[in-house]
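See below for the structure under consideration.
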Amino acid sequence: MHRMEVSENHPRYRSLTIRERMAELVRDGVVAETGLIAHGRGEAFDYLLGERTIPEAERAEKVAAALMLEAINPLISINGNVAALAPLEIIALAEAVPALMEVNLFHRSEERMRKVCDYMEGKGAIGILGRSPDARLEGIASGRALCTRRGLYSADAVLVPLEDGDRAEALVKAEKIVMAIDLNPLSRTSRTATVSIVDEVTRAIPNIVRFVGELKGRTSVRKELIDQFDNRANLISVGRRICENIRESLGEDKG
Ligand code: PTJ
């Protein structure tokens, strides 16, 4: 397959090389074909955020770190896009908390499950769950309900980067704390989650790792952060910021 030549000086060098890598991983069967479409939607929202971590996202990332540290069985859910974009970041977070990692796919097949698990293990992940499901999540009809009893089924707090709305809802209904990373603040996942992190996954995860380090051994600070956080208010503030960014980019006065 022809590889595109992109100069490092190109203003969108990073974005273009990530796209190339995602396309390669579609060919390898790690990323779903529609994963590219999801990625494009994410890029569009990231553009509106200014391709940076906004203060609302940072606040949510800190609360997510606190919740993961407070949890009894914290877990990170991994799909094809997340494995492709942030494998090392995910492994670092799983080690820092510590938390379990489980592969859960929207476009599920035995072959893809194996490929995504193998891919993560090739990047150094140890103890990845998902290959041998032995439990089902209530409220989802398809194979997406399959999970492991030790992992997702028993988890009390789940970090779901790029999750689909049905599963996010099912996880909340199962009384789990759901921390979503989704660049779209309007998605059903963002509107359903306990904590909605509107940030790009490769920026969000290292931030959470940093906050985990800061919050270790500081139980009362963690509890205060969690108590004071209002997810709906934070999401409304994200929406306001996007509108402001658009107005500013187009040179309109704020007033
Ligand atoms: O690997 P699979 O089979 O589990 O499939 C994964 C995808 C992502 C294809 C599947 O979960 C899916 O279709 O997801 P959705 O419903 O399109 O939702 C993906 C959400 O993630 C969208 O709201 C995007 O805006 C958002 N998103 C895309 N890229 C990123 C992102 N959020 C954060 N960081 C990104 N890099």
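The values are calculated or read from the model by the stated rules, or taken from the named source; none is laboratory data. These numbers come from a predicted model, not from an experiment. Here the Cβ is made from the backbone with ideal geometry for all residues, glycine too, and neighbour counts use every protein chain on show. Remember, those area values only see protein heavy atoms, side chains included, never the ligands or the DNA or RNA. Shrake-Rupley method; radii C 1.70, N 1.55, O 1.52, S 1.80 Å.
Below is a table of values for the structure above.
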item: Value of [θ]222 nm, deg cm²/dmol, for the chain, DSSP H segments ≥ 4, -39500 (n - 2.57) each, nearest 500; result: -16500 deg cm²/dmol
item: D (Stokes-Einstein, µm²/s), Kirkwood Cα radius, segment 155-255, 1.002 mPa s at 20 °C; result: 143
item: Lysine pairs in the chain with Cα atoms under 18 Å, if 8 or more residues apart or on separate chains; result: 4
item: Cβ-placed point charges (K, R +1; D, E -1), dipole of segment 73-188 about Cα centre in debye, nearest 20; result: 240
item: Cβ crowding within 10 Å averaged over residues, with 159-172, 87-100 ranked highest first; result: 159-172, 87-100
item: Within-13-Å neighbourhood charge of L235 [Cβ basis; K, R +1; D, E -1]; result: +2
item: 12 Å beta-carbon shell around L93, net charge (K/R +1, D/E -1); result: -2
item: Accessible-area composition of the chain, carbon plus sulfur, in percent [1.4 Å probe]; result: 51
item: Value of Rg to Rh for segment 38-128 (Rh from inverse mean 1/r over Cα pairs, i.e. Kirkwood); result: 1.00
item: Hydrodynamic radius of the chain per Kirkwood, over alpha carbon pairs, in Å; result: 18.7
item: Kyte-Doolittle mean at least 0.5 and Cα axial length at least 15 Å: DSSP H helices in the chain; result: 201-215
item: Accessible-area value, R149, 1.4 Å probe, nucleic acids and ligands omitted, Å²; result: 120
item: Residue-level accessible surface for C243, protein heavy atoms, 1.4 Å, Å²; result: 70
